[in-house]
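So the structure is just underneath, and the comments pick up after that.
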Amino acid sequence: MRIRPKTPRQWGIWPRRGAGRHLVIESESFLTGRWAVELHAGGRPVPGWAWISGLAHAPVDVVAGWAAHREPPPADGGVPDRWRVALSLVARELIVSAAAAGDSVETAQHLVFGRLEQRGVTAGDPQHLVRVGLRELAQYRQVAQARVSRPPTA
């Protein structure tokens, strides 16, 4: 007698119709750094790490939009003002720091916010995001300046 394993449908864990589409949309927003914004716009709680993740993964045009304070206001389903200001400050400093280091914004994102994300750093409130972001970007700039000012080896 051969025993066949149960299928997901038989276990009752088969995704509902349309669930796949929702997963794709949510995954895309996560991978493009917009997950925290999308969660908030949907009235869902936003985990603190999602803001760090957004700064680590958002495309440069999104980071530039945050820096220019172009995030839609809360009335339009956007981010609350306190998070908009925090994202704007940190994104602006990210762009300036990358330029000062001679790196691309993507490189700075990976080196600063990607590492914060890997360490499990969260930002439970906007002030903490600004404090952590500016501190880490200052350290990144110091390392970059040391790298540039180091004399070539013979």
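Considering (1) modelled with pLDDT under 90; (2) more than 18 Å from Arg131 (Cα to Cα); (3) surrounded by fewer than 17 Cβ atoms within 10 Å (Cβ to Cβ), the lone condition that Val62 does not fulfil carries the number (3). Could you please let me know if Val37 is surrounded by 12 or more Cβ atoms within 10 Å (Cβ to Cβ), closer than 23 Å to Arg119 by Cβ and either touching a strand residue (DSSP E or B) at 6+ places or on another chain (Cβ under 7 Å) or not aromatic (Phe, Trp, Tyr) (or both)? Yes: the conditions hold for Val37. Test Ser53 against the stated conditions and say whether it is outside any loop (DSSP other than H, G, I, E, B), among the polar types (S, T, N, Q) and at pLDDT below 90. Taking the combined requirement at face value, the residue satisfies it. In region 6-26 there is no residue matching the filter, namely being modelled with pLDDT of 80 or more and part of a loop (DSSP other than H, G, I, E, B). Put simply, of Val130, Val121 the only residue that is touching a Leu at 6+ places or on another chain (Cβ under 7 Å) and either of a type outside the set (Gly, Ala, Ser) or assigned to a loop (DSSP other than H, G, I, E, B) (or both) is Val130.
Filtering region 87-115 to residues that are touching a Leu at 6+ places or on another chain (Cβ under 8 Å) and at pLDDT 90 or above leaves Leu89, Val90, Ala91, Glu93, Leu94, Ser97, Asp103, Val105, Ala108, Gln109, Val112, Phe113. So which residues in region 81-118 are under 13 Å from the mean Cα position of the chain (by Cα), surrounded by fewer than 16 Cβ atoms within 10 Å (Cβ to Cβ) and of a type in the set (S, T, N, Q), if there are any at all? Of everything in region 81-118, just one residue is under 13 Å from the mean Cα position of the chain (by Cα), surrounded by fewer than 16 Cβ atoms within 10 Å (Cβ to Cβ) and of a type in the set (S, T, N, Q), namely Gln118.
The values are calculated or read from the model by the stated rules, or taken from the named source; none is laboratory data. Computed from a prediction, not measured in an experiment: that's the story for all the values here. Methodologically, a virtual Cβ is constructed for each residue, glycine included, from the backbone with ideal geometry; neighbour enumeration extends over all protein chains shown.
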